[in-house]
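The values are calculated or read from the model by the stated rules, or taken from the named source; none is laboratory data. Since this is a predicted model, take the numbers as computed values, not measurements. When we count neighbours, we look across all protein chains shown, and the Cβ atoms used for this are built from the backbone with ideal geometry, even at glycine.
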Amino acid sequence: MMPAKPDSAVSHPVQSVMSRTGSFPLSVAFELIGKQRQKPRLVFDPFAGKGTVLLAARMHGCEAYGMDIAPEAVACSRAKLADITLEQVNCYIDGLRLPNGTGGVAPPEVRCFYHPETLRQILGYRRQIFVDIQSQHTTIREAAGFTLAAVLGILHGHASYSLSIPSAHAYSMSPGYVKRYAAKHGLKPENKDVKFCIKSKVKRCLALPLPNPVRSEVRLGSASQATTEFPQLAGSVDMILTSPPYLNAQTYAKDNWLRLWFLGYNYRQLKPLYIETASIPRYGLAMTAVLQQFAAMLRPGGTLICIAGDVAIHKTGRSSSRRSMFRTGEFLRDLCQKLCLGLQVANQEVHKVPGQSRYFNALNDSNGHRKHDLIERVFTATKV
């Protein structure tokens, strides 16, 4: 097993399998789990995102369970829990074959990102990967799942092995913007060897072996339905470590429209399922259902650790508009106490996170995000 590192330097290259906005460092999750008086046997993250908490739990040898409403997040999280080696994934990729006919047709907004031959390969390999993910053969299924996550990680970006025209790697850019930028700068998508690009990504992600496998599962679903999705875990979870969506801070469905297309989804149809609102009452109502599920999932004596950053909100009056900060962590802490769920809040910590180090570092004004230092509030509660 990969040696555990008790300090902030803990890392693993598999974290780079897919870039995603709003994720926090592996070292944070690793240290929060490690500093518990008694190591949790079972860790659950109902907002799994790119699987940082689940990977940290695996590194500690804990059972790791998670869920997320975002299909691309589920694929990424599952990859970090896979029981697979670099050699096995490379062998699987070598065995991918393009179909004799077409692998499908991509819409115009997708075609502007890729060379026609690159897109033909993407569509053809996608068909086989989707079939193999359902395989009864464990190694084939695990290798296909890891390959899927790697493809999502290079579907767009500016690395040498990215499949698209140079673009952002953490979120899917607007097709209109890509067309205009490419025309202005004379850019054309390159013809890429898709297998070579996938293997390059996988080689980077599995430069170190994955930690020893643990009992784990990641499901697609809403945190407000945790007990329905994981009935076998209800009342038995030792630790919930999670970072819920913030008020009006993320647009995950839109930011991942290209990855969602690859997975067979339309982001516009998924968007209503996400907790994306600027209304404090609506946010509170959504998080009430989530906190109730947290309480139901934890065992007596189980721990909830909730990480949430402050976000700016704008209030417009008759004569002016003013900007204030919504303290998400404090709001959730107070809501947790108000609901009388049997969750006793133990403490709250405040951290200042430099914007350039992680949050929003790949985002810009074009989609409503700006670089800035983030105030992050972490509160801990125990089920009594």
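In this structure, is residue 259 of a type in the set (D, E, K, R), assigned to a helix (DSSP H, G or I), in the same structural domain as residue 314 (by TED's automatic domain parsing) and touching a Pro at 6+ places or on another chain (Cβ under 9 Å)? Yes. Return only the number of the condition from (1) touching a residue at least 24 places away in the same chain (Cβ under 8 Å); (2) not in a loop (DSSP other than H, G, I, E, B) that residue 87 does not satisfy. Of the numbered conditions (1) touching a residue at least 24 places away in the same chain (Cβ under 8 Å); (2) not in a loop (DSSP other than H, G, I, E, B), the odd one out for residue 87 is (1). A Cβ distance below 7 Å, combined with a sequence gap of six or more or placement on separate chains, defines the contacts here; from the range 228-252, residues that are in contact (Cβ under 8 Å) with a residue 40 or more places away in the chain reach residues that are part of a strand (DSSP E or B) and small (Gly, Ala, Ser) in the pairs 237/302; 238/302; 239/302; 243/308; 244/308; 246/308; 246/309.
Just to be sure I understand the filter: pairs with C-beta atoms under 8 Å, separated by 6 or more residues or on different chains, first member in the range 1-26 and part of a helix (DSSP H, G or I), second member at pLDDT below 90. Which pairs pass? Close Cβ pairs satisfying both conditions: 26/10.
Within the range 262-270, identify whether any single residue is more than 29 Å from residue 169 (Cα to Cα), outside any loop (DSSP other than H, G, I, E, B) and in the same structural domain as residue 349 (by TED's automatic domain parsing), and answer yes or no. No, every residue in the range 262-270 fails to be more than 29 Å from residue 169 (Cα to Cα), outside any loop (DSSP other than H, G, I, E, B) and in the same structural domain as residue 349 (by TED's automatic domain parsing).
If the condition is being touching an Asp or Glu at 6+ places or on another chain (Cβ under 9 Å) and of a type in the set (D, E, K, R), then the range 79-129 contributes only 83.
How about the range 129-154: which of its residues are in contact with a Leu (Cβ under 6 Å, 6 or more places away or on another chain) and either buried (at least 22 other Cβ atoms within 10 Å of the Cβ) or not β-branched (Val, Ile, Thr) (or both)? Scanning the range 129-154 gives a single hit, 154.
Could you tell me whether the range 59-70 includes any residue that is assigned to a helix (DSSP H, G or I) and either under 25 Å from the mean Cα position of the chain (by Cα) or in contact (Cβ under 8 Å) with a residue 60 or more places away in the chain (or both)? Checked the range 59-70: at least one residue is assigned to a helix (DSSP H, G or I) and either under 25 Å from the mean Cα position of the chain (by Cα) or in contact (Cβ under 8 Å) with a residue 60 or more places away in the chain (or both). Could you list, in sequence order, the residues of the range 331-349 that are of a type in the set (D, E, K, R), at pLDDT 95 or above and over 9 Å from residue 381 (Cα atoms)? Within the range 331-349, 334, 338 qualify. Has the range 241-260 got any residue that is over 21 Å from the mean Cα position of the chain (by Cα), of a type in the set (Val, Ile, Thr) and farther than 23 Å from residue 30 by Cβ? The answer is no; no qualifying residue exists.
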